[in-house]
Amino acid sequence: DPITVPDSGVYTRTSENPYTKYDEMRGKKPPTTPAALVAKPTASTVLVDGESVAFDAYNISDNNYFKLRDLAMVLSGSGKQFDVGWDAAQNAISLTSGTAYTAVGGELEAKGSGEKTPTATTSKIFLDGKEVSFTAYNIDGNNYFKLRDIGEAMDFNVSWDGANNTIVIATAEGYTAD
């Protein structure tokens, strides 16, 4: 039912927003609705141990998200290599550190173009058999993980060279938070 608040107009209480202007006047703040997320193709150069690599990566809310299998493939053979497994029955992604990556096809494909709408990954994620929590999104059927989360988990360094618009991944260095 609409209510009238003096000098403020008529407000309707809805199921989407149970707060009214009257509630706001009493010091209560209405819940905020998050803006729709947008994934923009990463325009930065990416160096892995000094070599330029073309990744299919996106910038979401000022963070870089990389396709998990692309990272695993590029890091395979380094001291920070890891394998990626998928258990469809359990809706679970498994990461095994120190193990060479087994390619499944589609790794390092050409970058997508244009903005995308990411959705939060609903899969469980296991690192060396233990369930972990990472910031990850699904874009066009692929899982993209926050690069710094994977860097921390696998202990490789991720840094930003703003002068050259370059993301630097160094497997010889341990992870350090910026």
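Any read-out appearing in this document is the output of simple, stated calculations on the displayed coordinates, not a laboratory observation. Source: prediction; values computed, not measured. Here the Cβ is made from the backbone with ideal geometry for all residues, glycine too, and neighbour counts use every protein chain on show.
Computed from backbone phi with θ = phi - 60° and the Karplus coefficients 6.51, -1.76 and 1.60, the 3J(HN,Hα) list for region 42-48 is 5, 8, 7, 6, 10, 10, 10 Hz; x is used for glycine and proline.
Each other residue within a Cβ distance under 12 Å of residue 94 adds +1 if Lys or Arg and -1 if Asp or Glu, for a net charge of -2. Once the chain from residue 159 to residue 63 is taken as fully extended at 0.36 nm per residue, the excess over their C-alpha distance is 33.3 nm. The stretch between residue 49 and residue 78 holds 9.5 nm of extra length on full extension. This uses 0.36 nm per residue minus the Cα-Cα distance. Residue-wise HN-Hα couplings along region 166-178, as the Karplus relation 6.51 cos²θ - 1.76 cosθ + 1.60 with θ = phi - 60° gives them from phi, are 10, 8, 10, 10, 10, 6, 7, 10, x, 5, 9, 6, 7 Hz; Gly and Pro carry x. Within region 60-99, whose backbone N sits under 16 Å from a point 7 Å along Cα→Cβ of residue 124? Label zone hits: 85-96. Relative contact order of region 117-178: 22 percent, from C-alpha pairs under 8 Å at least 6 residues apart in sequence.
Place a point 7 Å from the Cα of residue 104 along the Cα-to-Cβ direction; which residues of region 66-95 have their backbone N under 18 Å from it? Answer for region 66-95: 66-76, 82-95. Remark: region 115-127, residue by residue, has Karplus-estimated 3J(HN,Hα) of 6, 10, 9, x, 10, 4, 5, 9, 6, 6, 10, 10, 10 Hz, where x stands for each Gly or Pro and the curve is 6.51 cos²θ - 1.76 cosθ + 1.60 at θ = phi - 60°.
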